[in-house]
1. Can you give me the angle between helix 259-269 and the longest principal axis of the chain, using Cα atoms only, in degrees from 0 to 90, rounded to the nearest 10?
2. With each pseudo-label sitting 7 Å past Cα toward Cβ, what's the T118-F61 distance in nm, one decimal?
3. What angle do you read, to the nearest 10 degrees and between 0 and 90, between the alpha-carbon axis of helix 243-254 and the longest principal axis of the chain?
4. In region 129-213, what chymotrypsin sites (Phe, Trp or Tyr not before Pro) fall in a loop by DSSP, with at most 16 other Cβ atoms inside 10 Å?
5. In Å², what does the accessible area per residue of region 242-304 work out to with a 1.4 Å probe?
6. What percentage of the solvent-accessible surface of region 206-328, computed with a 1.4 Å probe over protein heavy atoms, is contributed by carbon and sulfur atoms?
7. Kindly identify region 22-119 as rounded, prolate or oblate by the Cα gyration tensor criterion: order the square roots of the eigenvalues as a ≥ b ≥ c, call it rounded if a/c is under 1.5, otherwise compare a/b with b/c, prolate if a/b is larger, else oblate.
8. Under 1.5 on a/c is rounded, so check that first for the chain, then, if it is not, pick prolate when a/b is larger than b/c and oblate when it is not; a ≥ b ≥ c are the square roots of the alpha carbon gyration tensor eigenvalues.
Amino acid sequence: MPRLALLAAMTALIAAPAAAQQGLTKVRVAYDGFSMTSGPLIYADKQGIFKKFGLDIAPIFIDGGSMLTQAVVGGSVDIAQNGYTPALSAAVQGADVVIIGGISNKLPFQLVVKTSITRPDQLKGQSVAISRYGSSADTAADFALAHLKLTRADVKVLQLGGAATRIAAAMSGQIAGTMEQYPDTAELSRHGFYVMVDVTDIAGDYPNTSYVTSRSFLKSRPEVVKKFLMAMATAVHEYKANPSVAIPLSQKFLDVKDAENAKAAYDAYVKVYPDDLKPSLPGVGLVLKEIAKREAKAAAMKPEQFVDTGMLDTLEREGFFKQLRTMN
């Protein structure tokens, strides 16, 4: 998103009335990805779940995790669905950012290659696309290559931007493979490509997407944070339980033309979303280890410094998640 557009979006957030509807609390929520990780967030919005918990939330898109982190730090966004890496990178530098939950504690990317490539050594000297350097796709590429016993010196990792550009490059033969997520993985699989490595299965606890806020907001508006997490946990439960609603909704949100691709994406991601929204502390440790490669002081920091699951722990004690699990 161009900087002027970002500023306009932030201005709109700041200028929003305290309560768009009587009795609802306005909360400024933003997300950084048009991907399946946003499925439950959009479901909560479109199905009126936020309103059921007394919240007036209309999620807005801010392009780029670093920009979104800046918005949280600057106070123009209250709660963000953001990548673990940009949030933790800022926190390591002392920014007022704290992880309060997780929606993807896995790295749900696939290395998709031409069917003519059947062995890892056939990738040597070939090009593999990612969105941008430093992104989750970039990290996923490292995992995929290591699994194949290859290094970056063996292949050309190209920064090509959005999925449409990467897919076009793959189909035109400009690249041998690309790091994708469902539903794009499913689309390529219908056009002479296959999944050579599913990073979701091999990256362990390495996490992708979190919920973050500032410690100042968490301290001053704890009940708002609690209601947001209740709404999102409810959305995850309903999303998983109601595929007939969830799949078309996500298909429309992501502008997926083929219903089968949307279903494949749904099937992949319902296994990724954690029911209790708990972030993975070992996973946060892995991200800090990765950050330490360029910021040495991160090596001495602990995951507990950057994660506050107080509200989720309270909901667990109060039986909220148990109640969700018993719902049909």
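1. 70
2. In this crude spin-label approximation the distance works out to 4.0 nm.
3. 70
4. Values: sites: Y133, F143, F193, Y194, Y211; in loops: Y133.
Here the chymotrypsin sites (Phe, Trp or Tyr not before Pro) that fit, given the DSSP loop and packing criteria, are Y133.
5. For region 242-304, the solvent-accessible area averages 54 Å² per residue.
6. Within region 206-328, the accessible surface is 53 percent carbon and sulfur.
7. Judged from the Cα gyration tensor, region 22-119 comes out oblate (a/c at least 1.5, b/c at or above a/b).
8. Verdict is prolate for the chain.
The values are calculated or read from the model by the stated rules, or taken from the named source; none is laboratory data. What you see is a predicted model; the values in this text were computed from it and never measured. Counting neighbours? That spans all protein chains shown, and the Cβs are built from the backbone with ideal geometry, glycine included. The area values use the complete protein model at the heavy-atom level, side chains included, leaving out ligands, DNA and RNA. Shrake-Rupley method; radii C 1.70, N 1.55, O 1.52, S 1.80 Å.
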